[in-house]
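Here is the structure we will look at.
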Amino acid sequence: MSINPTLRRTLAAAACAVTLCGAAACGDSSAENGAPDVLKMGLPPAEANANLQAKFEPVTSLVAAGTGKSVEVKPTSDYLSIVEAMRSGLIDVAAFSPFPTPLAEAVAGVEPLVVAKGAAYSSVFVCRTDRGIDSLDDLRGRRIAFVDTGSTSGNYIPKLLLKRAGIDPETDIEGSYAGGHDTAELAVKQGSVDCAADARSSYQTMVDKGVIDGAAQTIVAESDPIPVSLVVIARKDLDPAISQGIVDAFVNGDNAAALGVVGATSFEKAQDSDFTIFRDAASELGVDLEELSRK
């Protein structure tokens, strides 16, 4: 099965980057230290600014509580940067997107520790109401802002919806990446694109806050619920005792505030079966995970 061009470029870059980092021992000395004194933590790219670092404080606090270590948040530009940084030892743990987790396992050997479940989490296409777009079929030839190449709700699942509707996301639309959920929606508001691929929760939050007008840009298509909304991952050589402490804190600790951050009802120890739906979707999109694991 062939990999579509955008995914091939993204994933080849990931495989190349982690290979080069491994060969050159790039990064800092924590790559050789499974139990660093300060844990460096990556946040989802759209969350890595000062205000949203504060929003994620209950999540980073659980990591600190479970490990007895200080946690330093490391800004990241995209999901690929998180994977590269984990391979090179610049990031020890991260809050990650569920769909690219099997990809990160394949190219960098990261370990999923915890999954968040029970969130009202789905992908949506949000379009300007003045563009005559009422369904997926109307998206042919339109300008669509996706979030990030590694985003589950803002890239992979929307492209899967397009593919299942008989629309090639590489050739039948004009796609671009906005870099964040909010910036994708703002691109619709400003008229530089016709639609945004986003998480329903992100769209609704912006409507509720009055940042965007629900009468001017509205949902025209929505995916089925996505069973996992967030994954906590660790670099492959992190001390197992640290990893277990993180699992215990999220699953058994005082996790109510952290659940509120992601809108979930429970944290559970990650199981291989949690990612079956994402592996199946990757296969449908033409991503060969076994091939990537050999790069």
With N residues in the range 123-222, what two-decimal value do you get for its Cα radius of gyration over 2.2 N^0.38 Å? 0.93
For a quick check of your reading of the filter: which GluC sites (Glu not before Pro) in the range 109-213 sit in a DSSP loop and have no more than 16 other Cβ atoms within 10 Å? E170
List the trypsin sites (Lys or Arg not before Pro) within the range 175-209 that DSSP assigns to loop and that have no more than 10 neighbouring Cβ atoms inside 10 Å. K209
Beta bridges per DSSP with both ends in the range 123-222, % antiparallel, nearest 5: 60
Extension reserve of the D134-E268 stretch, reckoned as 0.36 nm per residue once the Cα distance is removed: 44.5 nm
Given +1 on the Cβ of Lys and Arg, -1 on the Cβ of Asp and Glu, and no further charges, what dipole in debye does the range 61-199 carry about its Cα centre, rounded to the nearest 20? 180
Report the charge-dipole magnitude of the range 123-222 in Debye, nearest 20, computed about the Cα centre from +1 at each Lys and Arg Cβ and -1 at each Asp and Glu Cβ. 60
Label-point separation in nm, A35 to A165, each point 7 Å along Cα→Cβ: 5.3
Ranked list, fewest to most other Cβ atoms within 10 Å of each Cβ, for I233, I246, I212: I212, I246, I233
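Read-outs: derived from the displayed coordinates by stated rules, not from any lab. What you see is a predicted model, and the numbers here were worked out from it, not measured in a lab. Reconstructed Cβ throughout: ideal geometry from the backbone, glycine too, with neighbour counts over all protein chains shown.
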